[in-house]
1. Tell me, what is the FRET efficiency for Lys36 and Gln253 to the nearest 0.05, using R0 = 22 angstrom and their Cβ-Cβ distance as r?
2. What full-extension length gain, to one decimal in nm, is calculated for Ser244 and Asp94 as 0.36 nm per residue of separation minus the Cα-Cα distance?
3. Would you mind checking which residues have amide H under 5 Å from Leu110's amide H? H placed 1.01 Å from N; only 5 or more apart, or other chain.
4. Alpha carbon centre of segment 30-69 versus segment 107-142: separation in Å?
5. So how far apart, in nm, are the two label points at Ala75 and Ala63 if each is 7 Å from Cα heading toward Cβ?
6. Over all directions, how big on average is the projection of the convex hull of the alpha-carbon atoms in segment 104-153, in square nanometres?
7. Determine ³J(HN,Hα), in whole Hz, for all residues of segment 144-152 in sequence, where each value follows from phi through the Karplus function 6.51 cos²θ - 1.76 cosθ + 1.60 and θ = phi - 60°; x replaces Gly and Pro.
8. Using amide H atoms built in the peptide plane, which far-off residues or other-chain residues are under 5 Å from Met115 H to H?
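Each value in this text was obtained by applying a stated rule to the coordinates, not by laboratory testing. Please read these numbers as outputs of a predicted model, since none were measured by experiment. Methodologically, a virtual Cβ is constructed for each residue, glycine included, from the backbone with ideal geometry; neighbour enumeration extends over all protein chains shown.
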Amino acid sequence: MLTLRFAAIVTICLSAPALGGCETTTSGGSVGADRKQLMLISSQELDQTSAQTYAKLLSDASAKGVLNRDQAMLARVRAIASRLEPQTRVFRPDAPGWRWEVNVINSNELNAFCMPGGKIMVYSGLISQLRLTDDEIAVVLGHEIAHALREHSRAQMSQAIAAQSAIGIGAALFGLGQGSADLAGVGYQALIATRFSRTDEAEADRMGLELTARAGYDPRAGVTLWQKMIQVSQGGRPPEFLSSHPAEASRVQEIQALLPTVMPLYTAARGR
Ligand SMILES: [Zn+2]
């Protein structure tokens with residue numbers, strides 16, 4: 001069954017150019033981010049669902065009195081995000097024009113995410129408990145923004161749809177609404193608590209580091225950030241953030257290996 005599903009996805013990917021099922025959402029930048037993805041749901045549909053889910057999250061947080069309680073922290077996070085947002089142009093020209101939103105939930109949780117279409121949420125615990133520097137916050141935001149730029153959630157849902165049945169694939173590809181039917185049921189898990197693949201994670205690290213550097217934040221903070229993450233994952237209950245973004249020594253090594261590529265971008269940004 002697994003083989004059959006895999007074969008179905010491969011077949012679609014090979015035959016899809018005519019149908020528009022396989023595409024890349026980004027151009028490569030300096031770090032190379034133009035892998036082809038299977039896309040069976042439209043961006044518009046997902047962005048709409050994302051905006052609704054985000055609005056619900058905001059109103060729930062507001063009702064509990066935990067939305068943007070710390071004005072200084074909010075201003076800090078928004079300032080960093082606003083320097084990263086224009087840099088997204090290097091990967092996709094449409095992204096600087098997204099309806100970006102940045103908010104902070106007051107919580108002990110260590111978490112942050114950027115939903116499809118640029119809806120960013122940071123949980124205050126991540127910043128206060130790990131004592132993140134501005135550079136480290138930029139790395140976190142850059143990483144999360146990269147997931148949105150590459151539309152990893154959309155690709156993941158598309159694969160789930162493709163795995164369901166050959167009829168489902170056909171219906172979605174030809175716009176017969178199978179995608180919409182599945183999209184209605186995605187909700188929280190798929191958009192907020194997405195568990196990304198190792199490939200997605202590595203890609204988000206690479207792109208996020210380039211965004212960080214281009215925005216004039218020190219990409220070497222990627223190393224210290226993940227060292228802090230590894231440390232916190234070793235004691236007690238692992239934070240929510242780490243269930244979707246495993247902190248591993250290999251991750252730090254990959255980031256270190258990428259520094260020669262992104263440091264010149266940082267130096268150039270600082271010089272401007
Ligand atoms: Zn991630």
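1. 0.25
2. 51.3 nm
3. Placed amide hydrogens put Glu240, Phe241 under 5 Å from Leu110.
4. About 15 Å separates the Cα centre of segment 30-69 from the one of segment 107-142.
5. In this crude label model, Ala75 to Ala63 measures out at 3.1 nm.
6. One quarter of the hull surface, i.e. the mean projection, equals 3.2 nm².
7. In residue order, the calculated couplings are 5, 4, 4, 4, 6, 4, 7, 6, 4 Hz.
8. Under 5 Å from the amide H of Met115: Ile120, Met121.
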